[in-house]
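These notes are about the structure you will find just below.
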Amino acid sequence: MSMKANEIINKVLEDYKNGAVSLEEAESRIEVIIADKEIEKGIDWKDDGSIRIAVFRGRRLIRHSMRDDSRCEITFSGDPVDVYCDHSLTVKGNVAGSVRSGHSFSCSGSVGGDVAAGHSVKCGDVKQNVRAGHGVSCGNISGDINCGHGIHCTGRR
């Protein structure tokens, strides 16, 4: 376990000794820290600041394309570097890098890289390319647009 995890565990134990948290709360916090570290060991992608969103039912990964009455819409507040999500995604902010969404993607700000969505895209400016299975509604798009339905650009292309 990392030094940081050990420091956090020691802090939780100290809080328990001082009566700041109950035994149950201390155990719960420590279990979460240990579980998170075990999960992190199995992840082989680089620590690049990207947001990666996965949804599971039990141990089964639920993908947008499975169509088993599972509907998932993710809203992220902030300005991530890159975002990868297999479901509908809304970002309240800007995306510095690229976006890949399994269904619809909307963003209150701009996207600094590419945007790819299985269905529709709605956002501000896009600095690179846009690919959507259905429609696109954006500000300025600096790169190419490939979509299955309508295109609406409020700015220049």
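The single condition among (1) of a type in the set (Gly, Ala, Ser); (2) closer than 17 Å to ALA54 by Cα; (3) surrounded by fewer than 17 Cβ atoms within 10 Å (Cβ to Cβ) that GLY124 does not satisfy is (2). For segment 105-117, does any single residue satisfy the condition of being more than 19 Å from HIS134 (Cβ to Cβ) and crowded, with 21+ Cβ neighbours inside 10 Å? Among the residues of segment 105-117, not one is more than 19 Å from HIS134 (Cβ to Cβ) and crowded, with 21+ Cβ neighbours inside 10 Å, which makes the answer no. Within segment 104-123, residues that are touching a residue at least 40 places away in the same chain (Cβ under 8 Å) and on the phi > 0 side of the Ramachandran plot reach no partner that is assigned to a loop (DSSP other than H, G, I, E, B) and surrounded by 21 or more Cβ atoms within 10 Å (Cβ to Cβ) with beta carbons closer than 7 Å at six or more positions or on different chains.
Every number in this text was worked out from the coordinates using simple rules, so none of it is lab data. Worth saying up front: this structure is predicted, and the values here are computed from it rather than measured. FYI the Cβ positions are ideal-geometry reconstructions off the backbone, even for glycines, and counts take in every protein chain you see.
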